[in-house]
Amino acid sequence: MNYEQFFADKIAELEAEGRYRVFADIERQAGKFPKATVHAKNGESKEITVWCSNDYMGMGQNPVAVKAMRDTAQGYGVGAGGTRNISGTMHEHVLLEESLADLHDKESALIFQSGWVANLTTLSTVASMIPGCVIISDSKNHNSMIEGIRHSRAEKHIFRHNDLEDLENILKSIDPSRPKLIAFESVYSMEGDIGPIKGICDLADKYDAMTFIDEVHAVGLYGKRGGGVAEREGLMDRITIIQGTLAKGYGVIGGYIAGTKAMCDFVRSYGTGFIFSSSMPPAVAAAARANVNYMKEHNELRERHQERAATLKKRFQDAGLPVLISESHIVPVMVGDAVLCKQASDDLMALHNIYVQPINYPTVERGTERLRFTPTPHHTDALMDELVAALVEVWGRLGLKDAA
Ligand SMILES: *Cc1c(COP(=O)(O)O)cnc(C)c1O
């Protein structure tokens with residue numbers, strides 16, 4: 001077989017469909033977020049405004065966290081030197097887990113190298129080890145949950161996105177004696193809609209199921225202390241497993257779960273993605289903890305964040321752009337064509353110094369390609385003026401669809 005040809009053909013397929021991914025090579029500038037420098041292939045560079053970061057609050061440049069990372073690296077050195085079991089449990093890991101358990105008002109928490117690994121490991125371990133476990137999963141769940149469910153080899157049912165009636169019909173159809181786990185998200189990152197957490201918890205009680213919530217796009221951002229939508233709605237105690245990331249709202253890297261002592265101890269003891277991978281550098285844990293603690297105390301940041309998102313949605317709407325009026329901080333503008341979506345993104349970067357990545361299949365369904373904006377507390381009115389003017393120019397020139 002001509003292996004090289006195979007690889008090249010698969011890439012050509014993506015290019016033909018307009019969904020070959022090109023990474024923007026950027027250099028963030030601490031203190032100037034959301035400004036960054038973009039490096040072009042030809043060696044040139046220029047300053048741009050980032051409109052698509054998942055560092056939703058700009059916490060990646062929080063001076064308190066930067067200092068914690070620097071000081072801890074100086075104190076501990078840079079790596080942990082092992083898996084958690086073999087010499088790699090640093091005091092900073094223990095402190096971070098305590099802070100996360102406190103955030104969610106749970107007995108325990110367990111950290112992983114990423115939110116993706118936390119989902120994969122936890123779902124696959126729990127669902128494969130509980131005999132006869134059935135997973136009922138929202139149709140829009142993130143890839144990391146889907147992979148975890150697949151690895152568990154447990155029986156799986158998909159319920160229509162956020163549809164409690166469909167969920168209940170599925171629950172009803174399963175033998176009542178079987179163990180069940182309902183897996184869902186709070187904020188869905190591509191539409192910015194929010195799961196019916198209370199309704200799902202009620203059904204879980206009625207049908208004796210466990211609940212697993214992915215609050216990756218909500219931790220740090222919702223709730224009085226940043227505990228997510230479940231905190232905001234007073235539902236944290238009704239969720240069996242709360243999963244989150246330290247890489248988005250908290251601006252660093254790493255993932256975690258929180259729950260009872262026995263559940264976390266179980267995943268710690270049986271989860272291969274936890275056991276067999278070296279632990280995060282202590283300086284990373286320290287920076288993450290600094291931001292988690294900081295955001296527990298700074299609800300005004302969340303208020304400003306919501307205000308910025310609401311303002312941007314209104315500005316887009318007033319300009320006649322096809323914005324999805326979501327109930328969260330995520331602001332999608334629909335294009336509905338992969339090639340045009342990429343063209344719009346390229347033009348915004350080339351002509352207007354605005355960076356927003358095109359979102360194409362398989363991240364979203366074909367025909368629903370979009371630009372996804374994530375305004376932070378650092379995106380000023382002046383930056384919004386520039387953005388709206390740029391979008392109006394690009395929309396007109398490319399003949400993109402206006403709001404219906
Ligand atoms: C990004 C993401 C993850 C993975 O988290 P990382 O910390 O980036 O690995 C999990 N779930 C959802 C919904 C995500 O969007």
**Message:** Please count how many residues of the range 104-161 are of a type in the set (S, T, Y) and either at pLDDT below 95 or within 30 Å of K224 (Cβ to Cβ) (or both).
**Reply:** 6
**Message:** Within the range 35-54, does at least one residue satisfy the condition of being hydrophobic (A, V, I, L, M, F, W, C), crowded, with 16+ Cβ neighbours inside 10 Å and either within 17 Å of M263 (Cβ to Cβ) or within 16 Å of the ligand (Cβ to nearest atom) (or both)?
**Reply:** yes
**Request:** Return yes when A287 is part of a helix (DSSP H, G or I) and within 29 Å of V66 (Cα to Cα) and no when it is not.
**Result:** yes
**Matching residues in the range 151-182 - criterion: being under 18 Å from I213 (Cα atoms), assigned to a strand (DSSP E or B) and either open to solvent by 40 Å² or more (accessible area, probe 1.4 Å) or of a type in the set (F, W, Y) (or both)** = K156, H157, I158, F159
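Being of a type in the set (D, E) and either modelled with pLDDT under 95 or open to solvent by less than 10 Å² (accessible area, probe 1.4 Å) (or both) is the filter here, so list the residues in the range 199-223 that pass it.
D214, E215
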**Asked** Counting only residues that are among the acidic types (D, E) and open to solvent by less than 40 Å² (accessible area, probe 1.4 Å), which one in the range 183-198 is nearest to the ligand (Cβ to nearest atom)?
**Response** E185
**Asked** What is the one condition in (1) modelled with pLDDT of 95 or more; (2) open to solvent by less than 20 Å² (accessible area, probe 1.4 Å); (3) out of contact with any Cys (no Cβ under 9 Å at 6 or more places or on another chain); (4) not β-branched (V, I, T) that S326 does not satisfy?
**Response** (1)
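Condition (residue is over 30 Å from L312 (Cα atoms), modelled with pLDDT of 95 or more and either of a type outside the set (D, E, K, R) or open to solvent by less than 20 Å² (accessible area, probe 1.4 Å) (or both)) applied to the range 60-67: is it met by at least one residue?
No.
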**When residues of the range 224-268 are limited to those that are touching a Ser or Thr at 6+ places or on another chain (Cβ under 8 Å) and part of a loop (DSSP other than H, G, I, E, B), the one most open to solvent (accessible area, probe 1.4 Å)** = I253
**Item:** Check on A40, at pLDDT below 95, more than 23 Å from V331 (Cβ to Cβ) and among the aliphatic types (A, V, I, L, M)
**Value:** yes
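The values are calculated or read from the model by the stated rules, or taken from the named source; none is laboratory data. Predicted, not measured: the structure shown is a model, and the values here were computed from it. Heads up, the Cβs are rebuilt from the backbone with ideal geometry, glycines too, and the neighbour counts pull from every protein chain shown. Heads up: the accessible areas ignore ligands, DNA and RNA and are worked out on the full protein's heavy atoms, side chains in. Shrake-Rupley method; radii C 1.70, N 1.55, O 1.52, S 1.80 Å.
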